[in-house]
There are 4 protein chains.
Amino acid sequence: MKLGMVGLGRMGANLVRRLMRDGHQCVVHDLNEETVRELAREGAIGATSLEDLVAKLDKPRAVWLMLPAAVVQPTLDELVPLLEPDDTVIDGGNSFYRDDMARAKRLAALQLHYVDCGTSGGVWGLDRGYCLMIGGEGAAVRRLDPVFRTIAPGRGSAEPTPSRTRNGTAPDGYLHCGPSGAGHFVKMVHNGVEYGMMGAIAEGLSIIRHANVGKKGRAIDAETAPLRDPEAYQYDIDVAEVAEVWRRGSVVGSWLVDLIADALARSPQLDGFEGRVSDSGEGRWTVDAAIDESVPAPVITSALIERFESRGLGQFTDAALSAMRSEFGGHAEKRG
Amino acid sequence: MKLGMVGLGRMGANLVRRLMRDGHQCVVHDLNEETVRELAREGAIGATSLEDLVAKLDKPRAVWLMLPAAVVQPTLDELVPLLEPDDTVIDGGNSFYRDDMARAKRLAALQLHYVDCGTSGGVWGLDRGYCLMIGGEGAAVRRLDPVFRTIAPGRGSAEPTPSRTRNGTAPDGYLHCGPSGAGHFVKMVHNGVEYGMMGAIAEGLSIIRHANVGKKGRAIDAETAPLRDPEAYQYDIDVAEVAEVWRRGSVVGSWLVDLIADALARSPQLDGFEGRVSDSGEGRWTVDAAIDESVPAPVITSALIERFESRGLGQFTDAALSAMRSEFGGHAEKRG
Amino acid sequence: MKLGMVGLGRMGANLVRRLMRDGHQCVVHDLNEETVRELAREGAIGATSLEDLVAKLDKPRAVWLMLPAAVVQPTLDELVPLLEPDDTVIDGGNSFYRDDMARAKRLAALQLHYVDCGTSGGVWGLDRGYCLMIGGEGAAVRRLDPVFRTIAPGRGSAEPTPSRTRNGTAPDGYLHCGPSGAGHFVKMVHNGVEYGMMGAIAEGLSIIRHANVGKKGRAIDAETAPLRDPEAYQYDIDVAEVAEVWRRGSVVGSWLVDLIADALARSPQLDGFEGRVSDSGEGRWTVDAAIDESVPAPVITSALIERFESRGLGQFTDAALSAMRSEFGGHAEKRG
Amino acid sequence: MKLGMVGLGRMGANLVRRLMRDGHQCVVHDLNEETVRELAREGAIGATSLEDLVAKLDKPRAVWLMLPAAVVQPTLDELVPLLEPDDTVIDGGNSFYRDDMARAKRLAALQLHYVDCGTSGGVWGLDRGYCLMIGGEGAAVRRLDPVFRTIAPGRGSAEPTPSRTRNGTAPDGYLHCGPSGAGHFVKMVHNGVEYGMMGAIAEGLSIIRHANVGKKGRAIDAETAPLRDPEAYQYDIDVAEVAEVWRRGSVVGSWLVDLIADALARSPQLDGFEGRVSDSGEGRWTVDAAIDESVPAPVITSALIERFESRGLGQFTDAALSAMRSEFGGHAEKRG
C-alpha cells in the first residue's frame, strides 16, 4: 500500500527502504532535503512539505511519524489540519504512552485514526526486520496489516515456539497489544527490560575483567577494605573472547551479547567509550509504571540508576557521605 | 577419543550421547545402575565402579565428572588413588572456582592434570551443543580439544561476529579462559549475568501484566498509596503474545525470551509455578566476587536478592519495619 | 492565636492539645462528633460543621487541615466558599506537593492564602513536638509563626549544632522551605529518607538474628546454594539487646533505633507483625522525584521496593523466573 | 583496674583518657613515641615496647589492642609469647569476626583469654562514651566489666526504653553479644546499618538540592530523557537548613543527621569533599553475611555499591553499556 513517512533519520529511512523492497509505495518528507532526495533516488516519492506529502497520498491516507518524542506534538499540530476523516496517523517513535492516549482522543474527535507503534530493531532493522508493538482501535490497526507485515521480521526469523498452539501475528514479529497507548507501553517496558539485560551483561564482563585485582597492591590503611584472598583474583581473562563464546549454546545467548562481542572484537578495551550512558526516557517511565503498579522491579530499576551513576549524577550524595565520615570518624577523603 | 563420564544425570547423560554421536567412545558410571544400563544400550561402555571405569580407559586417561558440587570432593577422594601420572580429571559441573584451584594443586603434586569446565546449555544441549568455559594448564586443555569441539555448538550455530579478525575457538563455542579455576570463574559470572537477564525479563512481563491495576479499586486510607492516574492503567495485555513477539527483531531477543515464550504458550498464568526461586550458588559467588573486586554490580546483585525475597526470607526484616511504623505512627499492619 | 483545626485523628487532636497547652485557642471540627466533644472537654471550641468553625474564628482566619491526602480536596471544595479574602488554609497532612502548587494558585485567585506544612513526629509529637517543613508565600507563613513555634519541639530539644552561625528557625524545629509545595516536597523526601533508614536498621537486625544459620542443615541438592562455612554462623544473638545497646554512643543512634528497641523489648520475636509493610505515597513520590531529577537514589529506592516485596507483589515475576529455570534446566521449583 | 593499651590513634588515645578520667590506670604503647609521651603527660604509664608494657601490668593482665585490622595479627604474634596463662587480650578494633574465632582458639590453647570488642563512637567518644559490642567467653568478659562500664556512655545518655523490663548492661551502652567473634559480628552489621542510613540521608539531601532542575534547560535530543514537568522542579531549597530542622522532632532524627547538619553548617556546598567514599571492610562483610544467610538486604547492599560507584569503579561496565547502545542504535556517547 501507499504510506507517508515523516522523519527520515536512521530508523525512518530504513523503514522506507524495507517497505519499498517489498513493493509498497512511500511518500517521504524530512526537514533535511538531502535525505528526501536520497530516498527519492532509491524510489520513494519525495515531498517538500507536510502539505505536499498529504496531497501525494491516496485516501484514506496513512502517515507514519518517525520522529524524536519531543517533535511529535508540533508535527501533529501542523499535520492534523491537513488530514480528512478516516485518515490514519501512526506514531512509530518512542512517545510516552500517555501522550498517545491524549492524542488518540483528540484525533478521534476529528474522525481521524491514531495508531501508536513501538519499533525495535535499531540500525539493523533494514535487514533483520523490526519488532512492532502496536496500540489503537482494531479496525485502524487491521487496515495497516500489510505495512506491519512487511516491516516485521517474519515467521522464519526464529524457530517456532514448541508449545505454541495459538494463531495471531506475534510469530511474525508484530503484535496489536491493545487500545491507544498499549503499543508504546509495551515498547517502553521492552526498553526497560533492555536496560536490565544490558546492565547484567556489562557488569558480568566487568567482573571478569577485574578478576586480576589480586595482582595489584591495595593500600593498607583504615580507609581501604583489604582484599582477603588476593590469590583468588589472579586471572587475566580476555573478555572479548568470553563474549564471543557466550554467543553459542549458553543460557545468556542474546542479540545484546552478539553486539558486545562485536564491539569488543573491534576494541577489547572499548576505546572511544568514556562510559557516560544516556537514558532516553523509556527506562524512567518503566520504573515509574512499576512503582504506580506496586510491582517490585529491582533489576530494571538498578539498571536505570546505574546509568545515572555513570554520568556522575551522585556527586552531592557522595560528598555528603564523605562529609559524614569525616564528622564521626575524622576520616579524610581519599583522592583518586 | 575415549572418555570416562562419572555422573549420568540430565547433563552427564546428554554429554555422553553428544560425544557418541560424533564418534567418541565413552566409559560411563553412575550410582544409579539403570542409567548406566540405558546408556550402555545406546552404545556406551558401562562401568560398575570407579575402579572398573578407570580400568576400561586408555592411558593417559581422561575422566569427566558431571556431579552436584557437593559430591565432587568425595568422588575425587575415591577416584584419585586409582589414577596414574598424566591422567586428567575434568570437573564439568558447577564447582566453586576456588575449590578448583585447591584441587588442581593437589592433583599436580601427584602428576595428575585437573581441568575445570563450566558447561552451559541445560536440557537443550544435546541438540544445540553446550557452551564451554575451560580452566587449567594449556597442555592438558589442548589434549582434550576433540572432546570440547564435539560438545560445543560449533561455528555454524550463530552468525559470525562482523568485526572479528582473531583466530581461536571461541566462535566454536568453547574457550580456554585461563589457569585452574578460570573456567568455573567465567561460568560463575555467566550464571550471575543469567540471573540479571532473567530478572529483567520477568519484571518487564510483570509490569505489562499489571498494566490493568487502574481497573481495580485501591483502599483509600492512610496506609495505602493512592494510584494517581488510574485511567493510565487500564490495559489487559496478553503477556504470552508479548513474549512471543519479542523473539523476533527486538533488542531483547534472547534464548531466555524464547524459553519464557514457550512457558507462557503452555500456560499464560504460569500455572504450577508458585514463585519460590532457588539459587544454586553461582549467583551468590558472583556477587561476592564483585564485592571483592569493588566492582559495582547492582543489577546482578538485585537479581540475587529478588530470589531471596521470592522465598519469603525477608520476613523478620519486614516485621521490624511494621513494628517501627506501629511505634512512631500507630500504624496497624494491613493484613493480606 | 486562634486557629481552626479540621481533622482530629491522632495527629490533629494532639496538635490541638499542644497548641492549647501553650495558650492558643483552637476551634475544632471532625466528622466524628465524639472526638469534637472530647477536645471541647479539654478546652477547645467545638464546631459542628465547617460553617460553624469558620464562624467561630477571628478574621483573618487560619484553618489547619489535618486529613488523609485523599480527603483534602473535597474538604477544600466545601471550605473555600466559606472563607474571605486574607484568610489562610494550612494543609498539615501528607499531600502531594504538586497538588499544593495547584491549590495555592486557585486560592490565590480568591485572595486566600495557602500554606503547606509537612508534619513529622507521629504519635509522640504531643510531648516531643513536631518537626515542621513549610511551604508558601513569606507573609502568610510569617503570620503563622506563633503557631509553628508552639507546635515545633523548640531549640532545647537537641544540642546546638557546633559549627552553626546562622540565624533562622531551623534550630527551633520548623523551617519555611520555599514557595508553595516546598514544605510537602521536603516532607516527602524526609519520608523517603525514613524508608531507607528503616530498611537499613531492619535488615541489620535480621542479619544478626540469622547469625545462627550454620546450626540448621541445608538441603544438599542442585537447587540450594550450600553454606560454605557453617561454623561461622553459630551465633544466637539477642537482637532486642543489640537494638538497646545501639541506642547509646553508636553511630546508628537514632529515634528509629529507639523505637525498634521498644518494640523488641515488648516482643523479641515481634509477635503480632506478619511483615506486610504499607507504603503511603511519599516513598513512591520521592523515588519519582529522584528519577525526574536524574539523581541516583539506590538506597531509598531499594527500601521502597523492599516494601512491595513484603506484600508479595513480585509473585508473577517470581513465577516467571521459576518457569525459565524449569525450561532451560529442568529445575523443578522447590516448595516452601 | 589496670589496663594495657596498644595503639594510640584517635580512638586508642581517647579510650585511655576516658579510662583515666574514671580512675583506671593505663599502661600505653604505640610505635609513635610522641603519642606515648603525650599520654604519659596526661597521667598514663608509658611503655617503650610490648615487653615493657607487659612487664608494667599486674597479673592477670589485660591488654587492649586498638589497631588497624591489618596490624592486629603481627602485633599478636609479638605479644602473645610475652603473656602468661590467664592473661587477656582485647581486640577493640574492626577485625573480621572470623579472625577472632581463629585467634580465640589459638590463645585458648595457651590458656590465654581473647575478647573481641566492636567499638563505635568515633572521634566524639571521649565525651559521649563508646557503644561496645563484645564477644568471648563469659568469665573473661565479666572480669573486664569495670573497663567496659567506664568506656560506655552509661544509662543516663538516653531516655529509658519504655517497654523494657529486663536487666542487663545494654542500657549502659555495652553488651556481651555471644562467644568469640560475636562482638565484631554485631559491630560489622552495625557498620552495614550505618552505610544504609548514611546513604538514605545523603540521597534525600541530594534530591532536595536538585529540586531546581526544572530551571535548567535539558537538551532535546534522542539521547536525553526529557523532564516532563519542569514547573514542578523550581525549588531552591537550603539543604543545610533542612538538615538542621530534621534534628528536632522528626522521625529521621539521628546522630548522623546531627553530623551532616554540622558539616553543612560549615559549608553548604560541602566544599572540600570530592565525593570519593571509602569503605573499610565492614560493609562488604555485612553484605557477604547477608548473602551467606540468604537474608535479603537490598538497602545495605545498595549503600555499599553506591560507594563503589562514587569511586568510579563502574567505568568498564559503563563503557560496555555505551558500546552496546552504539552497536544497536548508532547512539554516539554524550560527553560530559
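Quick notes on this structure:
- Total charge dipole magnitude, region D:219-336, about the Cα centre, Cβ charges on Lys, Arg, Asp, Glu only, Debye to nearest 20: 120 debye
- Of interest is the spacing of the C-alpha centroids, which for region B:310-333 and region A:1-41 amounts to 58 Å.
- Angstrom value of the Kirkwood radius, inverse mean 1/r, which spans all Cα pairs in region D:269-336: 14.6 Å
- Selection among C:Met198, C:Leu259, C:His176 by position relative to the dipole of region C:167-275 gives C:His176 as farthest towards the positive end (Cβ unit charges, Cα centre).
- For chain D, the relative contact order comes to 12 percent (Cα pairs under 8 Å, sequence separation of at least 6).
- Nm distances between copies for C:Pro85, ranked from closest, using label points 7 Å along Cα→Cβ: 5.1, 9.7, 10.8
- R0 of 35 Å, Cβ-Cβ distance D:Asn167-C:Arg21: FRET efficiency to nearest 0.05: 0.45
- Antiparallel %, DSSP beta bridges [both residues in region A:1-136], to 5: 20 percent
- Straight-distance crosslink candidates among aspartates and glutamates, where the alpha carbon sits under 14 Å from D:Lys2 and sequence neighbours closer than 8 are dropped: D:Asp22, D:Asp58, D:Asp87, D:Asp145
- Chain C residue with Cβ closest to the axis mapping C onto D, distance in whole Å: C:Ser254, 2
- For A:Gly156, label point 7 Å along C-beta direction: distances to other copies, nm: 1.8, 8.8, 9.0
- Within region B:89-180, percent of DSSP bridges classed antiparallel, to nearest 5: 40 percent
- The distance from the alpha carbon centre of region A:156-230 to that of region D:225-277 is 34 Å, rounded to a whole number.
- With both residues required to sit in the protein assembly as shown, DSSP beta bridges show an antiparallel share near 20%.
- Across B:Lys216/C:Lys187; C:Lys56/D:Lys215; A:Lys105/C:Lys105; C:Lys215/D:Lys187, pairs whose alpha-carbon gap is larger than 32 Å: C:Lys56/D:Lys215
- Value of relative contact order over region A:83-193, rounded to a whole percent, pairs C-alpha under 8 Å and six or more apart: 33 percent
- Counting only Cβ charges, +1 for Lys and Arg and -1 for Asp and Glu, the dipole size of region D:94-194 around its Cα centre is about 240 debye.
- In terms of its alpha-carbon gyration tensor, region C:199-334 comes out oblate; a/c meets the 1.5 threshold, while b/c is at least as large as a/b.
- Share of alpha-carbon pairs per 20 Å distance bin for the protein assembly as shown, given as whole %: 10, 35, 35, 17, 3, 0
- Placing a label point 7 Å from Cα along the Cα-to-Cβ direction at B:Lys59 gives distances to the equivalent points in the other copies of 6.4, 9.4, 11.4 nm, listed shortest first.
- In this rough spin-label picture, where each label sits 7 Å from Cα along the Cβ direction, the B:Ser267-A:Asp52 distance is 6.0 nm.
- Under 14 Å, Cβ to Cβ, from D:Ser163 - net charge with Lys/Arg +1 and Asp/Glu -1: -3
- Here the extension length gained between C:Ala332 and C:Asn32 equals 102.5 nm, from 0.36 nm per residue of separation less the Cα-Cα distance.
- The Cβ shell under 9 Å around B:Arg149 holds other residues with a net charge of -3, Lys and Arg each +1, Asp and Glu each -1.
- Förster radius 51 Å - calculated FRET efficiency between A:Asp77 and B:Ala40, Cβ distance, rounded to 0.05: 0.10
- Net charge, C:Tyr114 excluded, C-beta distance under 11 Å - Lys, Arg +1, Asp, Glu -1: -3
- A viscosity of 0.692 mPa s and a temperature of 37 °C, combined with the Kirkwood radius over Cα pairs in Stokes-Einstein, give a translational diffusion coefficient for chain A of 143 µm²/s.
- Cβ-Cβ FRET estimate between C:Ala102 and B:Lys215, R0 fixed at 30 Å, reported to 0.05: 0.70
- For region A:113-120, Karplus couplings with θ = phi - 60° (6.51, -1.76, 1.60), whole Hz, Gly/Pro x: 9, 10, 10, 9, 9, x, 10, 10
Each value in this text was obtained by applying a stated rule to the coordinates, not by laboratory testing. Computed from a predicted model, the values in this text were never measured in an experiment. Cβ coordinates were reconstructed from backbone atoms using ideal geometry, including for glycine residues, and neighbour counts include every protein chain displayed.
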